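We did not get these values from a lab; they are worked out from the coordinates using the rules stated. Nothing here was measured: the structure is a model prediction, and the numbers come from that model. Positions of Cβ are backbone-derived with ideal geometry, glycine not excepted, and every protein chain shown enters the neighbour counts.
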Amino acid sequence: MRDIKKNLYVTNTGNDTTEIYNINSRSNPVRISEFGAGDLSAPCGMARKGNILYIGNSRDSTVEIYNIGRLTMPKRIGQFGQGDLANPNGLAIKENALYVTNLVDSTVEVYDISDPRHPKRVREFGAGELHRPDGLAVNGNILYVSNSEDASIEIYNVCNPYNPKRIGQFGNDTEISNHIGMAIIGEILYVANFQLIHANTISIYCISNPKHPEFISRFGSGFLNGPVELAITCNTLYVSNFNNNTIEVFDICERTAPVHVGEFNAGNLNRPFGLLIVREEVCMKCGCKCIRLFSED
């Protein structure tokens, strides 16, 4: 038998910390702890490999490294990216490649994390193609990069994760606007519209053909106020509500017709941005633990 705990990490850009919530109960998330005070600087996106957590510091243009072997008590082990990054917001991992968006420079940096504690810069890509890239989402050998400035999403082939190749673009101002975070479950891509034409909504795309996504609809109006990042576990979608200091919760059993089921903040969120879900499995017989990231059960 295994005891399974689901934890949601939330970066607070407003007070330079990251909150941890136990989300085993969707209707009653429980705040566990916070970390990062003194280390983080307007933290935004997150990504994880094994027990190593990466958090982008948008203010000082670096990435912090934490060991999350003890999920509720992360330990800082380093920092990287000085001189390479320019307002890093989105992070994503494909095999041993870590991608970090440069919002200001309109590029994406690529790091080799074969040794996850000591990332090595490989290259950057997207110059001339990207326009204030913000969010990232990986689907097999496809990488999606949100262009927050021009109502489009770039598509890259990452068969070679260290050398992404642009293969197309989709989206327009009738579908998305000032979009930031993205999340994928099955053949559905969700895209958060922060402001402008479609402010405070989430757009839905079908990616059954990942190179040619098809716009379906939008949802969230009336519940969202500055949605930025998204995270999914099983049939639940979490959305960081930047302007309201809340996390909004949607049931996505019906993938193209999400239903709002609640919100939380516990009075501890301050301009929440990045979201990351980690599951801890504890063997009840031997007590050993296994930590893994997941998008759906």
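Some notes on this structure:
- Counting Lys and Arg as +1 and Asp and Glu as -1 over every other residue whose Cβ lies under 14 Å from the Cβ of residue 35, the net charge comes to -1.
- Local net charge near residue 157, Cβ-Cβ under 9 Å (Lys/Arg +1, Asp/Glu -1): +3
- Short-range pairs are left out: with C-alpha atoms under 8 Å and at least six residues apart, the relative contact order of the chain is 15 percent.
- Dimensionless Rg over Rh [region 10-129; C-alpha; Kirkwood]: 0.99
- Radius 14 Å from Cβ of residue 199, net charge of other residues (Lys, Arg +1; Asp, Glu -1): -1
- Across the chain, counting alpha-carbon atoms alone, Rg and Dmax equal 17.6, 55 Å.
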